[in-house]
Amino acid sequence: MLYLKNAQWVDSVSILDRAFQYGDGCFTTARFHQDIFELETAHRNRLVDSAHRLLLDVDFTLIDISIALLRQHFEQLNGTLKIMLSRGEGNRGYALPEHPADIYVLFYPQETSDFKFEQINSGVLERKIGLNMPELVGIKTLNRLEQVMLKQEAVQKQWLEALVCDLNGQIVEGISSNCLLRINNTWVTPELRYNGVHGVMRAEILQRMQQHSIACERRQVNIDEIQTIQSLFFCNALSPMKAVETFDLDAFQQRRLDLQPCVELFETLKLNQFKPYVKDHT
């Protein structure tokens, strides 16, 4: 792993950094494939929007300088890029320091390939997530303790991903993914009114569906609808589709979901590729 702070190579983080002290900041995780920063505009827009909502003063040109420095180490960038915005160092207490935010860029080099259709087993986690302050809804903050606890439960149940509900009994998302469900022959995605992350891959998929005139409802999805799910997949910037083959309703009930609508959507939307996307009009 290679990492930079404000476009300077570093090997440590200050114990006074508010990212460490409070999870005070936000981040985005992206993929480089064949030297292309996939969904770059969406990732940059997410950071700009999050910085504005969190009152972070950010010099975003430092991201470009950091990526240019990374390119000096590789003929071609392939791997995972994580960009973190931290409010920086501060005194004890919650009052905001009066200085610009810090930008951390972490790069995990690894071989990449075109995305492939994936199949997984899944279910609904027993642990619930809370309701967020309205100003924080949709932001991928640095405080991910809920997701840490959810992942621990999923690992115990041997699920790579799983549906997560909130305290109101509404389906929200996966542990580190958004979700799309097929109910009554219609695609549905939770509207993320009170919690959840506004994922860049979810936004890209919804845009492509709109371009192909494929309907997708954005609405609240109650846990009571779990029995009516026909198809289900999870998506994030590192994996556009993890389709659920078998779904555990509880410890004693398991259902096989219909994979074909997921396969057709993957092929129609060309989710194997995320170079600058152009709809095929042929």
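Just so it is clear, none of the values below were taken in a lab; they were calculated from the coordinates. No experiment lies behind these values; they were computed from the predicted model shown. Here Cβ is always computed from backbone atoms with ideal geometry, including for glycine, and neighbour counts include all displayed protein chains.
Largest first, please: the extent of the C-alpha atoms of the stretch 118-268 along each principal axis, to the nearest Å.
On the principal axes, the stretch 118-268 reaches 38, 36, 28 Å in Cα extent.
What percent antiparallel are the DSSP beta bridges of the stretch 147-282, to the nearest 5?
85
Projecting each Cα onto the charge dipole of the chain (Lys/Arg +1, Asp/Glu -1 at the beta carbon, about the Cα centre), which of Phe74, Phe20, Leu4 comes out farthest on the positive side?
Phe20
Rounded to the nearest 5, what % of the DSSP beta bridges within the chain are antiparallel ones?
75
Return the FRET efficiency for the residue pair Asp258, Gln210: r is the Cβ-Cβ distance, R0 is 25 Å, and the value is rounded to the nearest 0.05.
For Asp258 and Gln210, the calculated efficiency is 0.65.
Over the C-alpha atoms of the stretch 79-136, what are the Rg and the largest Cα-to-Cα span, Dmax, in Å?
Rg then Dmax for the stretch 79-136, in Å: 19.0, 48.
Based on Cβ point charges of +1 for Lys and Arg and -1 for Asp and Glu, what charge dipole magnitude is obtained for the stretch 61-208 about its Cα centre, in debye rounded to the nearest 20?
For the stretch 61-208, the charge dipole is close to 280 debye.
So for the stretch 173-258, averaging the separation of alpha carbon pairs under 8 Å that are six or more residues apart and normalising by length, what relative contact order in percent results?
Reported relative contact order: 32 percent.
With only Lys, Arg, Asp and Glu charged, each at its Cβ (+1 for the first two, -1 for the last two), find how big the charge dipole of the chain is about the Cα centre; round to the nearest 20 debye.
So the magnitude is around 180 debye.
Would you mind telling me which residue in Leu106, Leu271, Leu69 has the biggest mean-square fluctuation in a Gaussian network model of the chain, where springs connect alpha carbons within a distance under 10 angstrom?
Leu69
Determine the alpha carbon to alpha carbon distance for each of Lys140/Lys242; Lys82/Lys116; Lys116/Lys151; Lys157/Lys242; Lys5/Lys157 and list only those over 28 Å.
Check vs 28 Å cut-off fails for Lys5/Lys157.
In nm, what is the difference between 0.36 nm times the number of residues separating Leu249 and Gln119 and their Cα-Cα distance?
Length difference between fully extended and current span is 45.0 nm.
Determine by what factor the alpha-carbon radius of gyration of the chain differs from 2.2 N^0.38 Å, reporting the quotient.
Cα Rg divided by the expected 2.2 N^0.38 Å: 1.04.
Where does each of Thr246, Thr189 land when they are ranked from fewest to most other beta-carbon atoms within 10 angstrom?
Final ranking by Cβ density, sparse to dense: Thr246, Thr189.
Let me spell out the model: positive unit charges on the Cβ of Lys and Arg, negative unit charges on the Cβ of Asp and Glu, origin at the Cα centre of the stretch 1-118. What dipole size does that give, in debye rounded to 20?
Once rounded to the nearest 20, the dipole reads 280 debye.
For a quick check: sort Val124, Val155 by the number of other beta carbons within 10 angstrom, fewest at the front.
The most exposed by this proxy come first: Val155, Val124.
Over the stretch 118-268, what relative contact order in percent results from Cα pairs under 8 Å that are six or more residues apart?
After rounding, I find 27 percent.
If each DSSP helix of 4+ residues adds -39,500 (n - 2.57) and the sum is divided by the residues in the chain, what number results at 222 nm, nearest 500 deg cm²/dmol?
After summing the helix terms and dividing by the residues of the chain, the value is -6500 deg cm²/dmol.
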